[in-house]
1. Would you work out the relative contact order for chain B, in percent, from Cα pairs under 8 angstrom that are 6 or more residues apart?
2. Tell me, what is the percent relative contact order of region A:118-233, built from C-alpha pairs under 8 Å that lie six or more residues apart?
3. Return a whole-number percent for the relative contact order of region A:36-179, with Cα pairs under 8 Å and 6 or more residues apart as the contact set.
4. Averaged across A:169-180, how many Cβ atoms of other chains sit within 10 Å of each residue's Cβ atom?
5. I'd like the Kirkwood hydrodynamic radius of region B:154-273, using the inverse of the mean 1/r over distinct C-alpha pairs, in Å.
6. Take every Cα-Cα distance within region B:59-268, group them into 10 Å bins from 0 onward, and report for each bin the whole-number percent of pairs it holds.
7. What are the membrane-span-like helices in chain A by this rule: whole DSSP H runs, Cα extent along the axis at least 20 Å, mean Kyte-Doolittle hydropathy at least 1.0?
8. Roughly how many whole Å is it from the C-alpha centroid of region A:262-294 to that of region B:7-52?
Amino acid sequence: MRKLAPYFRFLVILWVVVTVVFVSLRLTPGDPALLLLGPTAGRQDTAERLADIRERYGLNRPIIIQYGIYLSDIVTADLGKSNRSERRVSELVKTAAPVTISLILLSMLLAIPISIYLGLTAAQKRERPYDRSVRTLATLAMATPSFWVGLLLVNFFSIRLGLLPPSGYIKLFVDPIGYFSHMMLPVVTLALYLIGTLTRFVYTETADTLEQDYIRVSRAMGISSKRILFQFVARNSLTPMIIIVGVEVGTLIGGAVIVEEVFGLPGLGRLLLNAVLGRDYPVVQGTVLSITVVVILLNILAEFVYKLLNPRSKI
Amino acid sequence: MTIKLMKLPIIIFSTLGLLTLISAIFPQFLTPYHPDEIDVTALLQKPSWSHPFGCDELGTDVLARIIYGTRLELMVCLGSVALASIFGIPCGLVAGYFGGKIDWILTVIADSILSFPIILFAVLIVASLGASVLTLVGVLAFAFIPRIFRLIRGQTQIISSLGYVRSAEAMGVKTVKILFLHILPNTIGPLMVIVPQLMAIAVLIEAGLSFIGLGIQPPQISWGSLLLVSKNYYVAAPWYPLAVGGVTTLAAAVLVFSGDLAGAAVNPLRRLK
């Protein structure tokens, strides 16, 4: 029973998240059916469609029944239909997700090794110019609005030098070179933020580990400082990184929404923003909900892997 | 020694903080220009002595617009953090002090809110309530509550087991008094570490949301809405977006740095190293 407790907690978290999304629609001033219907200008069948929506979501029945209908829809993975194109929201999410996922994965692949290297070496050269400049740059990278960096990169590499395409997307299997040249700038833009955060994290962890006795002993034994840093210290200070990377996925998705807008990538961010501008509420709600659920599941996974790698945390 | 080393950044940061405050309250003291003044002879003018950051597409002084934008920026930052503290601090005190079921429930709710990516949650709320300063402050406050809650809860757990709290309990001091008079003042230190960090997040989220059209809407001026407007002038007038983005980055970086400084001051172990 005790072993199951964390999973019960996550179930409750999922439930609260789902409920917050439900409440956010009902708290809106005005008729939720109108919000779900979206723009209706020039349509003859507005009244009929409103009645349909009321019937479908039980909007003319008590709130408890509305909630029941909503929950059973979620459990059966029915996120409703776009009020513009009549396409299923789950289908729209499935089409857009690979672009966003690959953007995030590629930026992680780029950012993680760089920040590990920078964080470890900076902590070893504590309070020297190298350490100070790494930490200052990391903080700056964290504090820069990503879309601004993105636009500066586009202007330099695409417009001034003409090296890379400024925006657009080509599928990996259609044209791998085109894919990477289109993904290069967005990935660098998103990775920059991640490098900032992770470097700062690795630095703090490493600085703490370096103070421990076993490191002093290894040094006294004459083991080279390179080996101490990359073998002994790294093992201890990098395991908590799994948790942080899991947490950062949420921030990265938020960043990806904006970066996709800058580079015209057809990912989840694009889907979401077009839906907001087109007042396509079902798509907004369904997309936010599915992304948040995935983020929660990834965090569970991160915690699980962390426990697997770090037996101390079991106690 | 430590005080000497720490003095320089503190002087720089307090000067910048003072400047920010003046630009928010009395912007007219810092610039002779008005942020809505149109000057057709100065469209996208290059930086010069009279216009240090150049002019925008309407001939308005960019520096003046940045200075006048500070007010809204500061309102968003301070407003969201203050609102989050009003809810986060009492909840954290209660959860940390009493523990048990109420602690479990509050923590689970906090963790649920934390698992929403802030930008996505903002998109959801803006989609139903529309974009405005108030929506922005509300969304940020909602996202910050669990962060403040967790900090205060953790601190309260540590402090409430200390001797002086125990003796206050034994003397029959009212629980409310223990929470707010005996425990809360001792959580101020760590709170001073997290507040600048949250304000930095607020600056960046405001910039991002305004940039995608879901935050502050032009003609209202904030740094985010200026970044949105300057989007089209990266080639024709690069100083314009550079100045706005540079100021935003600088503000966020200074906030993060001052959080770090406060952390070093609060945590004596870190200071020794």
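1. Numbers: 353 pairs, mean separation 53.7, N = 273.
Dividing the mean separation by the residue count of chain B yields 20 percent.
2. On the way: 102 pairs, mean separation 41.1, N = 116.
About 35 percent, as a whole number.
3. Rounded, it is 8 percent for region A:36-179.
4. Numbers: counts 0, 0, 0, 0, 0, 0, 0, 0, 0, 0, 0, 0.
Taking the mean over all residues of the peptide, I get 0.
5. Numbers: mean 1/r = 0.0570 Å⁻¹.
17.5 Å is the Kirkwood radius here.
6. 8, 29, 29, 19, 10, 4, 1, 0
7. Qualifying helices: A:5-26, A:89-124, A:234-263, A:281-309.
8. Here the two parts' Cα centres lie 37 Å apart.
The values are calculated or read from the model by the stated rules, or taken from the named source; none is laboratory data. The structure displayed is predicted, hence computed values, not measured ones. Quick reminder, even Gly has a Cβ in these numbers, built from the backbone with ideal geometry, and neighbours come from all protein chains shown. With ligands, DNA and RNA removed, areas are computed over all heavy atoms of the protein, side chains included. Shrake-Rupley method; radii C 1.70, N 1.55, O 1.52, S 1.80 Å.
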